[in-house]
1. Evaluate E = 1/(1 + (r/R0)^6) for PHE94 and ILE157, where r is the Cβ-Cβ distance and R0 equals 25 Å; express this FRET efficiency to the nearest 0.05.
2. Please give the FRET efficiency for SER126 paired with ARG34, using the beta carbon to beta carbon distance and R0 = 41 Å, rounded to the nearest 0.05.
3. Sorting check: for 62-68, 94-100, which peptide has the highest mean count of neighbouring beta carbons within 10 Å, and how do the rest follow?
4. Output ³J(HN,Hα) for the range 30-39: one whole-Hz value per residue in order, computed from phi by the Karplus curve 6.51 cos²θ - 1.76 cosθ + 1.60 with θ = phi - 60°, and x for Gly and Pro.
5. Amide H neighbours of GLU203 under 5 Å, at least 5 residues apart or on other chains, H built in the peptide plane: list them.
6. What are the ³J(HN,Hα) couplings of the range 158-172, residue after residue, when phi is run through the Karplus curve with 6.51, -1.76, 1.60 and θ = phi - 60°? Round to Hz, x for glycine and proline.
7. How would TYR18, TYR147, TYR115 line up from fewest to most surrounding beta-carbon atoms within 10 angstrom?
8. Most exposed first by the Cβ proxy, i.e. fewest other Cβ within 10 Å, how do SER231, SER168, SER39 rank?
Amino acid sequence: MKRARFGPWLAIVLGTLYFLVPLIGTFEFSLRMRRGVYSFDAYRVVLGDPQFQATFLYSSVLALATIVVGVLLVVPTAYWIRLRLPKLRPVVEFVTLLPLVIPAIVLVFGYLRIYNSSSLLPLTGSERGTDLLLTFGYVTLSLPYMYRAVDTGLGAIDVRTLTEAAESLGARWPSILFRVIFPNVRVAVLSGAFLTFAIVIGEFTLASLLDRPAFGPYLQLIGANRAYEPSALAIIAFAVTWACMGLLQVIGRGARGAMAGAH
C-alpha cells in the first residue's frame, strides 16, 4: 500500500520540479542585470521599450482579429457538420490538420507568390493588405486548435435536440447559432481563442518574411542581442499565459454556474 501511494506522489514531485526548476532559474537570471544585487532592471527595460509596446500591441490586435475570423469560420462549420453532414466530419478533420503538416515557411512563400504586387490581388503592395494576409495566415495556423476545441465543445451537448427545440419556438438559423449553440460552447471557444492568442503572439516565420512589426520577430531580436532581457520576456510571457488560463477557469465556472441555475 505504501509503495502504491509513494509512486504517484513521486511522479507529481518529479513533474513539478521538471517545470519549476528551469522557471526559477530563468527568473533568478533575469534579476541579475545589476551586478552584485538582484533587481527588476531587465523588466523595467523591457516594459519601457517603445518597440516592445508597439510590437505587443500590434500582435495583440492581430490576435483578436484572428480569433474573431476563426470563430466566425469554425463555429458555423463545426455546428453544421455535427448537425447535417456527419459523414464529412473525417474530411473536415483532415483539412483542419493540414496546417500542422505544412510548414509555415511554405505557406508564407505561397502567399508571396500568389499575392505579390504584380498579381491580381496585390495584398503585399500595401501595409493594410499585408496585415490582412498575415491575419489569414494566422487563422490558417490556428485552425487545428480552434476546430478541435469547438468540436469537442459541440460533442458535449445535444446539438440536434437544442436545434429542434429552438426551431419549434420559431427561431431562425442566426438566432439558433448565436443565442442557443454559442453560449453552450463558450468555454470551448475561449479555449481555442487563448490557444490562438498564444500562437499569434509567439509566431515568427510569417511576420518576419512578410516584414511586419510583430512580437515574434521582436523576441528573436532581443534574444540575439541582449543577455538578461530575454529571460525577463520569457517570465512575462509565462505570466500572461497563466493569467489567460486563470481567466478561462473563472469564465468556465461562471458559465457552468449559469447553466446549473437555468436547470
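Each value in this text was obtained by applying a stated rule to the coordinates, not by laboratory testing. Every value quoted in this text rests on a predicted model; they were computed, and no experiment measured them. All Cβ positions, even for glycine, are placed from backbone atoms using ideal geometry, and neighbour counts span all protein chains on display.
1. 0.55
2. 0.35
3. 62-68, 94-100
4. Going residue by residue, I get 5, 8, 9, 4, 8, 5, x, 9, 7, 7 Hz, with x marking Gly and Pro.
5. GLY216
6. 8, 4, 5, 5, 4, 5, 5, 5, 5, 5, 5, 8, x, 6, 8
7. Going from sparsest to densest Cβ surroundings: TYR18, TYR115, TYR147.
8. Fewest-to-most ranking of SER231, SER168, SER39: SER168, SER39, SER231.
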